[in-house]
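To start, the structure under review is shown below, and the notes come after it.
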Amino acid sequence: MMPVVTPARLQEFTLELATAVVQEFRDQPGALINALHKLQETFGYVDEAAMPVLARLFNLSRAEVHGVASFYHDFRRSKPGRYTIRVCQAEACQAMGSEALTADIKKHLGCGFHETTADGNFTLEKVYCLGNCACSPNIMVDKQTYGRVSMESFKNLTAKLAGKALSSKEGSK
């Protein structure tokens, strides 16, 4: 049985908090990427509203900041789901059926790569190697890796996570 992961605690985006988060990089030349990472670590993505703040902080144009943020695929531009699911697409996982598993996962979740489910619970991403090749096919949910994933085990895991997400939403009301 797969253990259930707990999602990262992300802050709700506000321009004031974003400004405060990046201030530590103010006097560090070339620290734009570090500031972008800090924003993503804090909010789960880099909001478009933060671009002018970064441009002023680093004396750059908005186009330059946007260019850096959009060049690196690690920076999300929209709010992720409560859980991020990465499906390995590397050769070892492909040899063990990850292509069929990926197709089934997309169908089950109702979204493709770099998309979030309608309920906001899951964001689906592809990754090339999770370093667990002997236990292919692999997925990662947030920072927890799962090996020898079948569609049945995937459905069980997402049902548990969705239930956990639902109960935490009800508890916060």
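Observations
- If the condition is being in contact with a Phe, Trp or Tyr (Cβ under 7 Å, 6 or more places away or on another chain) and not in a strand (DSSP E or B), then the stretch 120-132 contributes only N121.
- L39 vs. criteria touching a Phe, Trp or Tyr at 6+ places or on another chain (Cβ under 6 Å), not hydroxyl-bearing (S, T, Y) and not assigned by TED's automatic domain parsing to the domain that holds Y146: no
- Applying the condition of being among the aliphatic types (A, V, I, L, M) and under 19 Å from A95 (Cα atoms) to the stretch 121-140 and asking which residue is surrounded by the most Cβ atoms within 10 Å (Cβ to Cβ) yields I139.
- Inside the stretch 70-111, residues that are among the aliphatic types (A, V, I, L, M) and at pLDDT below 95 make up a count of 0.
- Residue count for the stretch 70-120 under the criterion of being small (G, A, S), more than 21 Å from S136 (Cα to Cα) and crowded, with 16+ Cβ neighbours inside 10 Å: the result is 1.
- Taken over the stretch 19-49, the criterion of being in contact with a helix residue (DSSP H, G or I) (Cβ under 9 Å, 6 or more places away or on another chain), part of a helix (DSSP H, G or I) and within 12 Å of F75 (Cα to Cα) is satisfied by I33, N34, A35, L36, K38, L39, E41, F43, E48.
- Top-ranked residue of the stretch 141-172 - restricted to ones that are of a type in the set (D, E, K, R) and either in a helix (DSSP H, G or I) or modelled with pLDDT of 95 or more (or both), ranked as surrounded by the most Cβ atoms within 10 Å (Cβ to Cβ): K164
- R62 under 30 Å from S150 (Cα atoms) and of a type in the set (K, R): no
- Filter result (of a type outside the set (D, E) and not in a loop (DSSP other than H, G, I, E, B)) within the stretch 101-119: L101, T102, A103, I105, K106, K107, H108, L109, T116
The values are calculated or read from the model by the stated rules, or taken from the named source; none is laboratory data. Small disclaimer: the values here were computed from a predicted structure and weren't measured. No Cβ is skipped: glycine too gets one built from the backbone with ideal geometry, and neighbour counts run over all protein chains shown.
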